[in-house]
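This report concerns only the one structure given below.
The values are calculated or read from the model by the stated rules, or taken from the named source; none is laboratory data. The shown structure was predicted, so the numbers you read here are calculated from the model rather than taken from an experiment. For neighbour counting, all protein chains shown are included, and Cβ atoms are generated from backbone atoms with ideal geometry for every residue, glycine included. Ligands, DNA and RNA are stripped out before the accessible areas are found, and what is left, the full protein with its side chains, is counted by its heavy atoms. Shrake-Rupley method; radii C 1.70, N 1.55, O 1.52, S 1.80 Å.
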Amino acid sequence: MSNNLFLSYSVSCLVALALFPSCGGGGSAAISQVGGDTVPMDYAKRITIVDYPQYTFASIQNPWDTTKVLHNYVLVPDSIDLPDSLPEGTVIRTPLKRTIVHSSVHCKLIGDLGAYEAIKGVCDSEYIHLPEIVSGLEDGSVVDCGVNTSPDIEKVVSLSPDAILLSPYQDGGTYGKLTTLPIAIVECADYMEISPLARAEWIKFYGRLYGKTETADSLFDAVETKYNSLKSKTADVKVRPGVLFDRLYGRQWYVPAAMSTISTLIRDAGGSNPFESITGSGSAPLSAEQVLVQAGEAPYWLVRYSSPETMTLKELSADNKVYSKFDAFKTGNVYGCNTGVVRYYENAPFHPERILYDIISIIHPELVDSVPTQTFFTRLK
């Protein structure tokens, strides 16, 4: 296996300087070393990036215990010899050329950076509908490595990847046999950010992984400009209608808490989240009855679903009789996004401006184009 796959390098002299905490340990956030340029992160709170002449240091905060570090990375260009003195962390030679990616979200992002050719393997391929990945799976240039919770280790090893990109989870433990391999594991904790632009700003980290720093910075600047321009259109709206999201999943309806990304999108679109009283940055499980009490009068309802066919109001009500009791259902203001057809989840994390435009065009159509074109959500018939 290539020597460039993965190196964990610890330098004792830096311990005395107390500049960096241990990788994944219980230290506080990393302190910038003299001579480095801290990358401006105006929104993201879970990651710190510092560029040095010979390497880039990235420290990811543990989202579930913010006093600790989830992972430290030292990105060293493969065009130079490995420096003699490096901070403690997982050393990755960049640009990445052979990666295994566990989610369609990050596959799409890598494609946006112009680095699709670096994706050599994926997990959960049945949920990835990107044409470039689908064609790669068909011609063998991209390998299906199985399910993300238990990937096929033999296939992983056979690809000789220089990194595996996956999402960490609270109390998720280790990554099984993957941790026994000399392969860098990149923990994509971007989804734990608390605002749309905060998550999107992680593109600066991924750009450095794939040798696309300028491209990444330019992409984020464009996203930020468009998002804030749209947000400014709703700053002075007098009426902020309630917006309900999604539906029951089993017996629970997972509603967005006050500081969640969905709640922020609703607020920035000039709407109101019926569940603002729920603290936190994630979602909260409620019963259908509880949702009806708190959001039954919300004039708009946006539903994300996956189906071979476009959902109708009749089909929605047949799914559960409680749905017909919501005001948005009675007035026909239910909008669906068929994620099995529309690439919502691939776009939403790193292109929140597209989702924001969609929501504004539904609840405040007078603020956008004269003929709004919903890219993701369409009114159910």
Wholly within region 99-194, helices (runs of 4 or more DSSP H) carrying at least 1 residues that are farther than 28 Å from ASP78 by Cα: 131-139
Can you pull out the residues in region 205-226 that are out of contact with any Pro (no Cβ under 6 Å at 6 or more places or on another chain), open to solvent by less than 20 Å² (accessible area, probe 1.4 Å) and touching a residue at least 24 places away in the same chain (Cβ under 8 Å)? PHE205, TYR206, GLY207, LEU209, ALA216, VAL223
Given the options VAL293, VAL334, VAL303, name the one that is among the β-branched types (Val, Ile, Thr), more than 28 Å from SER103 (Cβ to Cβ) and open to solvent by less than 10 Å² (accessible area, probe 1.4 Å). VAL334
Test ASP42 against the stated conditions and say whether it is out of contact with any helix residue (DSSP H, G or I) (no Cβ under 7 Å at 6 or more places or on another chain), within 27 Å of SER195 (Cβ to Cβ) and open to solvent by 60 Å² or more (accessible area, probe 1.4 Å). yes
When both residues are 6+ apart or on different chains and their Cβ atoms are under 7 Å apart, which pairs have a first residue that lies in region 301-323 and is over 21 Å from GLN252 (Cβ atoms), and a second that is open to solvent by 90 Å² or more (accessible area, probe 1.4 Å) and of a type outside the set (A, V, I, L, M)? THR312/LYS381; LEU313/LYS381
Restricting attention to region 273-287, the residues that are crowded, with 17+ Cβ neighbours inside 10 Å and either among the charged types (D, E, K, R) or at pLDDT 95 or above (or both) number exactly 4
Which residue pairs have Cβ atoms under 9 Å apart, sit 6 or more places apart or on different chains, and have a first residue in region 146-166 that is without any contact (Cβ under 8 Å) to a residue 40 or more places away in the chain and a second that is among the polar types (S, T, N, Q) and open to solvent by less than 70 Å² (accessible area, probe 1.4 Å)? GLY146/SER125
LEU197 vs (1) touching a Phe, Trp or Tyr at 6+ places or on another chain (Cβ under 6 Å); (2) over 30 Å from ALA257 (Cβ atoms); (3) assigned to a helix (DSSP H, G or I): all pass except (2)
Go through (1) out of contact with any helix residue (DSSP H, G or I) (no Cβ under 8 Å at 6 or more places or on another chain); (2) modelled with pLDDT of 95 or more; (3) farther than 19 Å from ILE183 by Cα and name the single condition VAL76 misses. (3)
Can you report the number of residues in region 74-91 which are closer than 19 Å to TYR206 by Cβ and out of contact with any Lys or Arg (no Cβ under 9 Å at 6 or more places or on another chain)? 4
Please specify each residue of region 61-90 satisfying the condition of being part of a loop (DSSP other than H, G, I, E, B) and of a type in the set (A, V, I, L, M, F, W, C). TRP64, ILE80, LEU82, LEU86
Just checking, which of LEU248, LEU265 is under 21 Å from ILE363 (Cβ atoms) and in contact (Cβ under 8 Å) with a residue 60 or more places away in the chain? LEU265
Could you look through region 117-132, keep only residues that are at pLDDT 95 or above and surrounded by 19 or more Cβ atoms within 10 Å (Cβ to Cβ), and pick out the one that is farthest from LEU178 (Cα to Cα)? ALA118
Filter result for ASP152 (in contact with a Cys (Cβ under 9 Å, 6 or more places away or on another chain) and open to solvent by 50 Å² or more (accessible area, probe 1.4 Å)): yes
Unmet requirement for PHE20, which otherwise passes all of (1) surrounded by 15 or more Cβ atoms within 10 Å (Cβ to Cβ); (2) out of contact with any Lys or Arg (no Cβ under 9 Å at 6 or more places or on another chain); (3) modelled with pLDDT of 95 or more: (3)
Where residues in region 168-204 are among the acidic types (Asp, Glu) and crowded, with 18+ Cβ neighbours inside 10 Å, which of them is farthest from LYS108 (Cα to Cα)? GLU193
